[in-house]
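Enquirer: Got a structure for you, written out below as structure tokens; questions coming shortly.
Computed from the coordinates by the stated procedures, all read-outs in this text should not be read as laboratory data. Treat the numbers as computed from the prediction; the structure is a model and nothing was measured. Here Cβ is always computed from backbone atoms with ideal geometry, including for glycine, and neighbour counts include all displayed protein chains.
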Amino acid sequence: MKISAVKLFDGGYMMKSFACGGGLPEGAIKEEKLRSSLQNFVIDTGNEIILVDTGFPAEETIPVTKDSVITFGDKVADYVDALRAAGYEPAHVSKILITHKHPDHTGELRHFPNAKIYISRVEADDMNLTGDNVVRTDFTDGAYKNFDACQKIADGVYYIFAPGHTKGNSIVIVEDGDKFYLIHGDVTYTDEALLENKLSVVFEDLPAARDTLNRVRAFIKANPTVYLSTHTPYGYENLDAQKIMKLPDVEDAPAVEEQAEAPKATGTKWVCSVCGYEHFGDEPPAVCPRCRQPASAFRKA
């Protein structure tokens, strides 16, 4: 089993209030800049090549203003070039595991028409994905460790339902010898949030996001785990160093009470290409209220 990083952007930053302020009163987190990047991962089982997410659309730009609370940094390579730099051609890929629907995780699916795309049913429906290669996943293989629902993808590779960031969010756990590799999209944006037991400000279901983070932390405490993040250089640094994540003793966050479902919005749907914020109306907002990107970051969904 071999896992490699597909490096797309590096040298960016995100504000700690964005990365760690979810569900907290404004000003509860002391502001500072944390390191940011963008990378995905590829799993080589020896029998097949499996991707976890497919980066940001090559033609898209990511505007940065003085008010931006998250940036990816400088582009290292477009996804396909970055995949080749990791040693793999698109034609080698047999399966793709999508953690969630946001464009920085699904941006280059178009380059893999023959690979089976595994994505939770709710995410696939929200993206209106079609095609015989799209596998709408219902996680029917039972529990995996302390997670309630999983789909076994290959020997040692498990696709696990982990909602909260989005309602159909998932993670991937790879077993190799005595180690576990936990590959996630945005359970936390930064490893600082994991260590401090804090949620980001980006979630569709706050109680589910808290439950998922609690389960991730419990898994790491019980199993020797290399934690592979998408939006921080710790993602590829942990992989390079084969670093086992150690969590400090911090107070466990309480469960969050269920919240009433918001009324379904109508009108044209606009999605922020950086943080996935959804806006409904004739035009996108002048500024994303969540990540402070300008209107040019929004795309019609």
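Enquirer: Pop a pseudo-label 7 angstrom from the Cα along the beta-carbon direction at both A58 and K269 and give the gap in nm to one decimal.
Expert: Those two pseudo-labels are separated by 2.7 nm.
Enquirer: Gap in Å between the Cα centre of region 172-250 and the Cα centre of region 1-30?
Expert: 12 Å
Enquirer: I want to check the label-to-label distance for K246 and K221. Put each point 7 Å from Cα in the C-beta direction and report it in nm to one decimal.
Expert: Result: 1.7 nm between the two label points.
Enquirer: For S120, what residues show an amide H to amide H distance below 5 Å, using hydrogens built from the backbone and excluding near sequence neighbours?
Expert: Placed amide hydrogens put T137 under 5 Å from S120.
Enquirer: Considering amide H positions built from the backbone, and no H for Pro or chain starts, which residues 5 or more places from V226, or on another chain, come under 5 Å of its amide H?
Expert: F180, Y181, L182, M245
Enquirer: Whose amide H sits under 5 Å from the amide H of G22, counting only residues 5 or more places off or on another chain, with H placed in the peptide plane?
Expert: Close amide H contacts, sequence-distant or interchain: L199, S200, V201.
Enquirer: Applying a 10 Å radius around every beta-carbon, put 21-33, 148-160 in order of their mean neighbour count, most first.
Expert: 148-160, 21-33
Enquirer: Oh, and also: Report the label-to-label distance for R121 and K145 in nanometres (one decimal), using points 7 Å from each Cα along the Cα→Cβ vector.
Expert: So the two model labels end up 2.6 nm from each other.
Enquirer: Let me have the 222 nm mean residue ellipticity of the chain computed from DSSP H runs of 4+ only, each contributing -39500 (n - 2.57), with the sum over all residues rounded to the nearest 500.
Expert: -4500 deg cm²/dmol
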